[in-house]
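In what follows, a single structure is set out as structure tokens and then discussed.
Any read-out appearing in this document is the output of simple, stated calculations on the displayed coordinates, not a laboratory observation. Owing to the predicted nature of the structure, the values given are computational and were not obtained by experimental measurement. Using ideal geometry, Cβ is built from the backbone for each residue, glycine included, and neighbour counts are taken over all protein chains shown.
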Amino acid sequence: MFKMTAVTATLALALLTTGTGKALAQETETAKAAPAKAPEAERPLNAYRLDFSVNELEDGKTINTRQYSMNANSDDSSNDLRIGTRVPVEPKQGEFQYMDLGTTIISRLMDRKGAIELYVRAEISNFAIPEQNSGHETHPVLRQLKISASTLALLGKPMVVGSVDDPNSKRQFQLEVTVTKLR
């Protein structure tokens with residue numbers, strides 16, 4: 001009986017070893033046929049300073065300029081700059097909601113094949129000047145401008161990324177940005 005058990009155990013062990021050997025051989029052949037994936041090349045991370053100017057022009061002459069700055073990395077993350085006032089509005093009697101008025105600039109930078117891709121979205125809102133408020137004496141009139149742009153940045157040089165005309169006057173608004181590499 002002991003001999004029979006020993007022979008059966010040896011035969012089972014031989015079958016298992018042969019099956020495992022075949023599986024290992026197949027895995028090795030598969031690995032040779034398909035080369036291992038190379039790790040993705042890391043994109044370089046660079047730091048930049050973005051200097052924004054919102055220029056207000058009338059008849060081609062600059063009459064007002066607002067300046068904003070932020071630092072940003074070239075990792076395609078969003079950077080926000082917000083300044084303004086929350087104004088209460090009453091859509092229904094006794095119910096108040098707040099509306100944001102002011103300036104919001106959102107930007108993203110990405111290094112791509114040696115070029116700096118820049119995405120900018122600017123929203124500027126404020127109360128209209130009295131001449132633009134005619135016919136709405138009881139409710140304030142708001143002015144709003146939005147510029148969204150995607151372009152390649154010119155390092156160290158100011159560039160206009162968008163401009164809009166005020167439909168109620170001879171004024172024009174320009175969004176200008178200068179991108180400077182920090183390191």
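Taking R0 as 35 Å, what FRET efficiency do you get between M99 and I63 from their Cβ-Cβ distance, rounded to the nearest 0.05? In this case the efficiency is close to 0.85. Counting every other Cβ atom within 10 Å of each residue's Cβ, D59, D51 order from fewest to most as D59, D51. Modelled label positions at K146 and Y119, each set 7 Å beyond Cα in the direction of Cβ, lie 1.5 nm from each other.
Counted by neighbouring Cβ atoms within 10 Å, the residues R183, R66 run from fewest to most as R183, R66. Residues K170, K113 in ascending order of nearby Cβ atoms (within 10 Å, fewest first): K113, K170.
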